[in-house]
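For reference, the structure discussed in these notes is given below.
The values are calculated or read from the model by the stated rules, or taken from the named source; none is laboratory data. Note that the structure is a prediction, hence the values are computed from the model and not measured. Here Cβ is always computed from backbone atoms with ideal geometry, including for glycine, and neighbour counts include all displayed protein chains.
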Amino acid sequence: MDPSGNPLSTMKNRAPLTLEEDVTLMLKVNDMLRTTNFKNARILAGANGLNREVKWVHIVEITQIGHLLHGNEVILTTGIGWADDEEKSLAYLQQLLDHNVSALCIELVVYVKKLPQKMLEIAEEHDFPIIGFMSEVRFIDITKDVHKLLIGQREHEWQEIEKLQQKLYNKLLNNGNIGDLLRILHKDTNKQLILRYNNQYRFFPSPPTEQQHKIIKEVESNDKQSYTKKEIKLFDKSIATLILFENKTNTTHYDQMALNKGGDILTQFFWKHQVDKETKLLKKK
């Protein structure tokens, strides 16, 4: 039973994900669980966190791992040295939570048969997925399959980014304005965008005025590293900032690339209008 008292979820009823199948622009824990190596695995806790992004998979058999983590990893382990001790298990889990790990997958066959209930309860509270293997699995096969999916995902991302860049560039060539460019970028990312220019803020989509004031206050008062930003420069001088208003921990690799492309096109937009302005002045003279 899981911490909520419901039967443990299994992977048997999930449609298998093949390596040739097209994956979304963000590989999630749920996608990983559809690979063949997880067909007999069980979700022990954190089923509400299966939409977490997966950026890499690590096989780890040491208890102090925080210094090895970057975030969004999936950890594969047999639990040697900590899984049969509640205090050590809670300390291990806290490291994973502190470093934004996406999921923990543990083999409950040889060295450990079950995890401490307190650990499962805390993981459930944080929507942190813990996946249990009830039969022996080859971790190397799991890493191989997931890494293939990640590589395929990156190729797909680049294809989509090229399409986005072409849309933005075509709009620029057809004298599109800032709103047109932000509209394309928003449609592609489905994220709240903000352009800070001349000490003013432009939103797309535009929320109610009261909400705009709250967002501006949040952006100006929060830590500079909280949101993904793209500085827009002319002649090595920053003239504007394009902001993706979402906490960085929820921002995908694709979102970051899209924001960079949007910022590059906006740089060309401002350059174009600067040239047009100078050309008009020359004509007047």
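Are any of the residues in the stretch 214-232 farther than 23 Å from Asn72 by Cβ and outside any helix (DSSP H, G or I)? Scanning the stretch 214-232 turns up at least one residue that is farther than 23 Å from Asn72 by Cβ and outside any helix (DSSP H, G or I). Whether any residue in the stretch 77-88 is at negative phi, under 25 Å from the mean Cα position of the chain (by Cα) and crowded, with 22+ Cβ neighbours inside 10 Å is what I want to check. Among the residues of the stretch 77-88, at least one is at negative phi, under 25 Å from the mean Cα position of the chain (by Cα) and crowded, with 22+ Cβ neighbours inside 10 Å, which makes the answer yes. For the stretch 173-221, the candidate set comprises residues that are surrounded by 15 or more Cβ atoms within 10 Å (Cβ to Cβ) and hydroxyl-bearing (Ser, Thr, Tyr); within that set, the residue that is nearest to the chain's Cα centre (by Cα) is Thr189.
Where strands (runs of 3 or more DSSP E) sit wholly within the stretch 111-209, those with at least 1 residues that are assigned by TED's automatic domain parsing to the domain that holds Gly81 and of a type in the set (Val, Ile, Thr) occupy 130-133.
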